[in-house]
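The values are calculated or read from the model by the stated rules, or taken from the named source; none is laboratory data. Keep in mind that what you see is a predicted model, and the values were worked out from it rather than measured. Reconstructed Cβ throughout: ideal geometry from the backbone, glycine too, with neighbour counts over all protein chains shown. Surface areas here come from the heavy atoms of the whole protein model, side chains and all, with no ligands, DNA or RNA. Shrake-Rupley method; radii C 1.70, N 1.55, O 1.52, S 1.80 Å.
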Amino acid sequence: MGIVELNQEYFYKNYRKDVKRLERKFSAKLKIMIEGRTIDNREILSFFAGNGSKCILITGGVHGRESNNTIVLMHLLEEFLSKAKEEYTLCVMPLLNPDGYAIATEGFSAIQNGNIREEVESEGICWQEWKGNAIGIDINRNFPSLYWQKKEQEQFPGSEEETRAFMRVCNRYPFDLYLDFHSRGEEIYYYRQSMDSIYNEKQRLLAEKMQQLSGYTLVLPERELDTKTGGGNTVHYTSEKFRIPSFTIETMPDESGFPADVSLQERVYHQIKELPFVI
(Lines give C-alpha, C1' and ligand atoms only; values in the text may rest on other atoms or scores of the structure.)
Protein backbone atom coordinates (compact mmCIF):
# COMPACT_ATOMS: atom_id res chain seq x y z
CA MET A 1 0.00 0.00 0.00
CA GLY A 2 1.26 3.45 -0.91
CA ILE A 3 1.27 6.64 1.08
CA VAL A 4 -1.30 8.71 -0.83
CA GLU A 5 -4.44 6.62 -1.22
CA LEU A 6 -7.21 7.97 -3.44
CA ASN A 7 -10.99 8.27 -2.93
CA GLN A 8 -10.80 9.87 0.50
CA GLU A 9 -11.49 13.24 2.09
CA TYR A 10 -8.19 15.08 2.00
CA PHE A 11 -7.82 17.90 4.47
CA TYR A 12 -4.84 20.21 4.81
CA LYS A 13 -3.55 18.17 7.78
CA ASN A 14 -3.62 15.03 5.59
CA TYR A 15 -1.61 16.83 2.92
CA ARG A 16 1.00 17.95 5.47
CA LYS A 17 1.23 14.43 6.90
CA ASP A 18 1.77 12.96 3.42
CA VAL A 19 4.44 15.56 2.65
CA LYS A 20 6.46 14.34 5.63
CA ARG A 21 5.89 10.68 4.79
CA LEU A 22 6.96 11.14 1.18
CA GLU A 23 10.03 13.06 2.32
CA ARG A 24 11.04 10.20 4.62
CA LYS A 25 10.37 7.42 2.13
CA PHE A 26 11.97 9.09 -0.89
CA SER A 27 14.66 11.18 0.78
CA ALA A 28 17.19 10.34 -1.93
CA LYS A 29 14.82 11.03 -4.83
CA LEU A 30 12.68 13.96 -3.72
CA LYS A 31 13.56 17.59 -3.14
CA ILE A 32 10.94 19.67 -1.33
CA MET A 33 11.30 23.44 -1.34
CA ILE A 34 9.38 26.16 0.49
CA GLU A 35 8.61 28.70 -2.24
CA GLY A 36 6.72 31.13 -0.02
CA ARG A 37 4.30 31.53 2.87
CA THR A 38 0.68 32.60 2.66
CA ILE A 39 -0.83 35.50 4.54
CA ASP A 40 -2.16 32.93 7.06
CA ASN A 41 1.35 31.45 7.42
CA ARG A 42 1.01 28.22 5.43
CA GLU A 43 3.93 26.98 3.37
CA ILE A 44 3.70 26.97 -0.43
CA LEU A 45 5.70 23.92 -1.49
CA SER A 46 7.28 22.58 -4.65
CA PHE A 47 8.31 18.95 -5.12
CA PHE A 48 11.13 18.02 -7.50
CA ALA A 49 11.51 14.41 -8.62
CA GLY A 50 13.56 12.76 -11.36
CA ASN A 51 16.73 13.62 -13.22
CA GLY A 52 15.57 13.63 -16.82
CA SER A 53 16.26 16.32 -19.39
CA LYS A 54 12.56 17.05 -19.96
CA CYS A 55 11.35 19.23 -17.08
CA ILE A 56 7.60 19.37 -16.51
CA LEU A 57 5.85 21.87 -14.23
CA ILE A 58 2.50 20.85 -12.74
CA THR A 59 0.17 22.82 -10.45
CA GLY A 60 -3.10 22.16 -8.67
CA GLY A 61 -5.13 23.78 -5.92
CA VAL A 62 -5.01 27.26 -7.46
CA HIS A 63 -8.69 27.55 -6.55
CA GLY A 64 -9.46 26.49 -3.01
CA ARG A 65 -12.63 24.53 -3.71
CA GLU A 66 -11.04 22.34 -6.41
CA SER A 67 -9.80 19.94 -3.77
CA ASN A 68 -9.67 16.64 -5.67
CA ASN A 69 -6.74 17.64 -7.84
CA THR A 70 -4.38 18.10 -4.89
CA ILE A 71 -4.62 14.49 -3.72
CA VAL A 72 -4.53 13.22 -7.33
CA LEU A 73 -1.30 15.12 -7.99
CA MET A 74 0.21 13.90 -4.73
CA HIS A 75 -0.65 10.35 -5.82
CA LEU A 76 0.84 11.00 -9.27
CA LEU A 77 4.03 12.29 -7.62
CA GLU A 78 4.31 9.18 -5.45
CA GLU A 79 3.80 6.89 -8.44
CA PHE A 80 6.50 8.77 -10.36
CA LEU A 81 8.89 8.49 -7.42
CA SER A 82 8.21 4.77 -7.21
CA LYS A 83 8.87 4.20 -10.89
CA ALA A 84 10.31 7.29 -12.54
CA LYS A 85 10.44 7.78 -16.29
CA GLU A 86 14.14 8.34 -16.84
CA GLU A 87 13.88 11.14 -19.39
CA TYR A 88 11.69 13.32 -17.16
CA THR A 89 11.96 15.63 -14.18
CA LEU A 90 8.73 16.69 -12.49
CA CYS A 91 8.21 19.87 -10.50
CA VAL A 92 4.83 19.51 -8.81
CA MET A 93 3.08 22.25 -6.83
CA PRO A 94 -0.07 20.33 -5.82
CA LEU A 95 -1.41 23.04 -3.54
CA LEU A 96 -0.63 26.55 -4.69
CA ASN A 97 -3.40 28.09 -2.57
CA PRO A 98 -3.31 26.31 0.81
CA ASP A 99 -5.34 28.96 2.67
CA GLY A 100 -8.20 28.77 0.19
CA TYR A 101 -8.01 24.98 0.24
CA ALA A 102 -8.24 24.93 4.03
CA ILE A 103 -11.33 27.16 3.91
CA ALA A 104 -13.06 25.10 1.21
CA THR A 105 -12.45 21.77 2.96
CA GLU A 106 -12.80 22.74 6.63
CA GLY A 107 -14.66 26.03 6.87
CA PHE A 108 -13.68 29.54 7.88
CA SER A 109 -12.51 28.28 11.27
CA ALA A 110 -9.41 26.95 9.45
CA ILE A 111 -8.11 30.52 9.11
CA GLN A 112 -5.76 31.10 12.03
CA ASN A 113 -5.63 34.90 11.87
CA GLY A 114 -8.73 36.20 13.65
CA ASN A 115 -8.90 39.48 11.73
CA ILE A 116 -8.69 37.70 8.36
CA ARG A 117 -11.24 35.10 9.46
CA GLU A 118 -13.73 37.80 10.47
CA GLU A 119 -13.21 39.56 7.15
CA VAL A 120 -13.77 36.51 4.94
CA GLU A 121 -16.81 35.38 6.92
CA SER A 122 -18.38 38.77 6.23
CA GLU A 123 -18.20 38.12 2.46
CA GLY A 124 -21.29 35.93 2.71
CA ILE A 125 -19.86 33.17 0.49
CA CYS A 126 -20.49 29.54 1.36
CA TRP A 127 -17.14 28.15 2.53
CA GLN A 128 -17.44 25.05 0.32
CA GLU A 129 -17.53 27.38 -2.72
CA TRP A 130 -14.47 29.41 -1.73
CA LYS A 131 -12.10 29.94 -4.69
CA GLY A 132 -9.69 32.67 -3.64
CA ASN A 133 -6.87 32.89 -1.16
CA ALA A 134 -7.36 33.85 2.49
CA ILE A 135 -8.40 37.39 1.58
CA GLY A 136 -10.60 36.33 -1.32
CA ILE A 137 -8.35 37.15 -4.28
CA ASP A 138 -8.56 34.76 -7.22
CA ILE A 139 -4.97 33.65 -7.79
CA ASN A 140 -5.86 32.61 -11.33
CA ARG A 141 -6.56 36.24 -12.24
CA ASN A 142 -3.50 37.66 -10.49
CA PHE A 143 -0.65 36.99 -12.94
CA PRO A 144 1.00 39.56 -15.22
CA SER A 145 -0.38 39.11 -18.73
CA LEU A 146 -1.56 41.11 -21.72
CA TYR A 147 -5.25 40.82 -20.82
CA TRP A 148 -4.95 41.23 -17.04
CA GLN A 149 -7.70 43.40 -15.58
CA LYS A 150 -7.73 45.13 -12.24
CA LYS A 151 -10.16 43.62 -9.75
CA GLU A 152 -11.78 45.29 -6.78
CA GLN A 153 -9.24 44.23 -4.14
CA GLU A 154 -5.94 43.70 -5.88
CA GLN A 155 -3.75 46.63 -6.81
CA PHE A 156 -1.42 45.04 -9.33
CA PRO A 157 -0.70 41.68 -11.00
CA GLY A 158 1.44 39.53 -8.76
CA SER A 159 0.05 41.17 -5.62
CA GLU A 160 -0.36 37.84 -3.81
CA GLU A 161 2.30 35.65 -2.27
CA GLU A 162 0.84 32.54 -3.90
CA THR A 163 1.30 34.21 -7.29
CA ARG A 164 4.83 35.33 -6.51
CA ALA A 165 5.82 31.87 -5.27
CA PHE A 166 4.79 30.37 -8.60
CA MET A 167 6.58 33.12 -10.52
CA ARG A 168 9.78 32.49 -8.58
CA VAL A 169 9.70 28.82 -9.60
CA CYS A 170 9.11 29.74 -13.25
CA ASN A 171 11.98 32.19 -13.25
CA ARG A 172 14.38 29.76 -11.58
CA TYR A 173 14.03 26.73 -13.86
CA PRO A 174 13.68 26.16 -17.63
CA PHE A 175 10.50 24.11 -18.11
CA ASP A 176 9.49 22.24 -21.26
CA LEU A 177 5.78 21.89 -20.44
CA TYR A 178 3.33 23.35 -17.93
CA LEU A 179 0.01 21.80 -16.86
CA ASP A 180 -2.38 23.58 -14.49
CA PHE A 181 -5.19 21.35 -13.19
CA HIS A 182 -8.63 22.76 -12.38
CA SER A 183 -11.99 21.10 -11.81
CA ARG A 184 -14.91 21.69 -14.13
CA GLY A 185 -15.79 20.10 -17.44
CA GLU A 186 -13.17 17.49 -18.46
CA GLU A 187 -11.71 19.96 -20.95
CA ILE A 188 -8.32 21.15 -22.20
CA TYR A 189 -7.66 24.85 -22.79
CA TYR A 190 -4.77 25.21 -25.21
CA TYR A 191 -5.29 28.34 -27.34
CA ARG A 192 -3.71 31.70 -26.37
CA GLN A 193 -5.11 34.84 -27.98
CA SER A 194 -1.98 36.74 -27.00
CA MET A 195 0.37 34.31 -28.77
CA ASP A 196 1.35 33.84 -32.41
CA SER A 197 0.24 31.09 -34.80
CA ILE A 198 3.49 29.12 -34.44
CA TYR A 199 3.01 28.85 -30.68
CA ASN A 200 -0.67 27.96 -31.00
CA GLU A 201 -0.04 25.28 -33.62
CA LYS A 202 2.39 23.55 -31.29
CA GLN A 203 -0.22 23.90 -28.54
CA ARG A 204 -2.89 22.30 -30.71
CA LEU A 205 -0.73 19.30 -31.60
CA LEU A 206 0.14 18.62 -27.96
CA ALA A 207 -3.48 19.17 -26.91
CA GLU A 208 -4.62 16.55 -29.43
CA LYS A 209 -2.20 14.05 -27.89
CA MET A 210 -3.58 14.84 -24.43
CA GLN A 211 -7.13 14.52 -25.72
CA GLN A 212 -6.37 10.98 -26.91
CA LEU A 213 -4.84 10.04 -23.56
CA SER A 214 -7.51 11.59 -21.33
CA GLY A 215 -10.70 11.53 -23.36
CA TYR A 216 -11.16 15.22 -22.49
CA THR A 217 -12.62 17.76 -24.93
CA LEU A 218 -10.52 20.49 -26.56
CA VAL A 219 -11.91 23.94 -25.84
CA LEU A 220 -12.60 26.05 -28.92
CA PRO A 221 -10.20 29.00 -29.36
CA GLU A 222 -13.00 31.55 -28.98
CA ARG A 223 -13.67 30.25 -25.46
CA GLU A 224 -10.07 30.69 -24.33
CA LEU A 225 -10.53 34.10 -22.75
CA ASP A 226 -13.46 35.24 -20.62
CA THR A 227 -13.73 38.93 -21.46
CA LYS A 228 -15.75 39.59 -18.29
CA THR A 229 -12.98 38.44 -15.96
CA GLY A 230 -9.99 39.10 -18.20
CA GLY A 231 -6.63 37.39 -18.25
CA GLY A 232 -4.04 36.90 -15.57
CA ASN A 233 -4.15 33.09 -15.52
CA THR A 234 -1.16 30.90 -14.71
CA VAL A 235 -0.99 29.75 -18.33
CA HIS A 236 -1.15 33.31 -19.68
CA TYR A 237 1.91 34.15 -17.61
CA THR A 238 3.97 31.10 -18.60
CA SER A 239 3.10 31.28 -22.28
CA GLU A 240 3.66 35.02 -22.70
CA LYS A 241 6.82 35.36 -20.60
CA PHE A 242 8.58 32.06 -21.36
CA ARG A 243 6.79 30.59 -24.43
CA ILE A 244 6.39 27.35 -22.48
CA PRO A 245 3.70 25.03 -23.89
CA SER A 246 1.02 25.68 -21.25
CA PHE A 247 -2.36 24.06 -20.70
CA THR A 248 -5.28 24.42 -18.34
CA ILE A 249 -6.70 20.94 -17.72
CA GLU A 250 -10.23 20.83 -16.31
CA THR A 251 -10.85 17.54 -14.53
CA MET A 252 -14.25 16.36 -13.16
CA PRO A 253 -17.57 16.20 -15.04
CA ASP A 254 -19.22 19.52 -15.83
CA GLU A 255 -22.14 18.81 -13.50
CA SER A 256 -19.82 18.23 -10.52
CA GLY A 257 -20.49 20.41 -7.52
CA PHE A 258 -18.57 21.41 -4.42
CA PRO A 259 -17.42 19.98 -2.13
CA ALA A 260 -15.80 17.73 -4.72
CA ASP A 261 -16.98 14.11 -4.89
CA VAL A 262 -14.05 12.12 -3.50
CA SER A 263 -15.21 8.96 -5.27
CA LEU A 264 -14.07 10.55 -8.56
CA GLN A 265 -10.41 10.84 -7.57
CA GLU A 266 -9.46 7.44 -8.99
CA ARG A 267 -11.19 8.26 -12.27
CA VAL A 268 -9.39 11.60 -12.53
CA TYR A 269 -6.02 10.02 -11.83
CA HIS A 270 -6.37 7.47 -14.62
CA GLN A 271 -7.53 10.18 -17.03
CA ILE A 272 -4.59 12.50 -16.42
CA LYS A 273 -1.68 10.32 -15.28
CA GLU A 274 0.05 10.23 -18.71
CA LEU A 275 -0.50 13.89 -19.63
CA PRO A 276 2.81 15.18 -18.20
CA PHE A 277 4.69 12.85 -20.54
CA VAL A 278 3.34 13.96 -23.93
CA ILE A 279 6.63 15.61 -24.92
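Check which residues have an amide H placed less than 5 Å from Leu218's amide H, if you skip close sequence neighbours.
It is Ile188, by chain and number.
Is it possible to state the helix-based mean residue ellipticity at 222 nm for the chain, with each DSSP H run of 4+ residues giving -39500 (n - 2.57), the sum divided by total residues, to the nearest 500 deg cm²/dmol? What is it?
-10500 deg cm²/dmol
Which whole-angstrom value gives the distance between the alpha carbon centres of region 204-279 and region 128-170?
What the calculation gives is 19 Å, centre to centre.
Taking one equal scatterer on every alpha-carbon of region 8-47, how large is log10 of I(q)/I(0) by Debye at q = 0.22, 0.24, 0.33, 0.35 1/Å?
Values returned for q = 0.22, 0.24, 0.33, 0.35 Å⁻¹ are -0.79, -0.89, -1.10, -1.12.
Residue by residue through region 174-185, which ³J(HN,Hα) values in whole Hz follow from phi under the Karplus form 6.51 cos²θ - 1.76 cosθ + 1.60 (θ = phi - 60°), with glycine and proline marked x?
Per-residue couplings from phi come out as x, 9, 9, 7, 10, 10, 10, 9, 10, 9, 6, x Hz.
Rounded, prolate or oblate: pick one for the chain, where a ≥ b ≥ c are the square roots of the eigenvalues of its C-alpha gyration tensor, a/c under 1.5 means rounded, and failing that, prolate if a/b is larger than b/c, else oblate. List each step's numbers first, then the result.
Numbers: a/c = 1.39, a/b = 1.07, b/c = 1.30.
Judged from the Cα gyration tensor, the chain comes out rounded (a/c under 1.5).
Take the solvent-accessible surface of the protein heavy atoms, probe 1.4 Å, and return the percent of it on region 46-124 that carbon and sulfur atoms account for. Intermediate values should be presented prior to the final figure.
Details: 920 of 2590 Å².
Roughly 36 percent of what the probe reaches on region 46-124 is carbon or sulfur.
Please list Glu118, Glu224 from largest to smallest accessible area, probe radius 1.4 Å, with all protein chains kept in place.
Glu118, Glu224
In whole Hz, what ³J(HN,Hα) sequence does region 109-123 give by Karplus (6.51, -1.76, 1.60; θ = phi - 60°), x for Gly and Pro?
5, 5, 6, 7, 7, x, 5, 5, 4, 5, 5, 6, 5, 6, 5
In a GNM of the chain with a 10 Å cut-off on Cα contacts, which of Tyr173, Tyr190, Tyr147 has the highest mean-square fluctuation?
Ranking Tyr173, Tyr190, Tyr147 by mean-square fluctuation puts Tyr173 first.
Treat each spin label as a single point 7 Å out from the Cα along the C-beta direction, and report the Ser122 to Glu106 distance in nm.
With each label placed 7 Å out from Cα toward Cβ, I get 2.4 nm.
Just want the answer: with Cβ charges of +1 for Lys and Arg and -1 for Asp and Glu, which residue in Tyr190, Gly36, Ile71 is farthest toward the dipole's positive end in the chain?
After comparing all options, I get Gly36.
Ordered by residue, what ³J(HN,Hα) values in Hz, to whole numbers, does region 138-150 give under the Karplus form 6.51 cos²θ - 1.76 cosθ + 1.60, where θ = phi - 60° and Gly and Pro are x?
Once rounded to whole Hz, the list reads 6, 4, 7, 10, 10, 9, x, 6, 4, 9, 4, 10, 5.
Using the Cα gyration tensor of region 214-279, with a ≥ b ≥ c the square roots of its eigenvalues, what is the shape: rounded (a/c below 1.5), prolate (a/b larger than b/c) or oblate (neither)?
Oblate.
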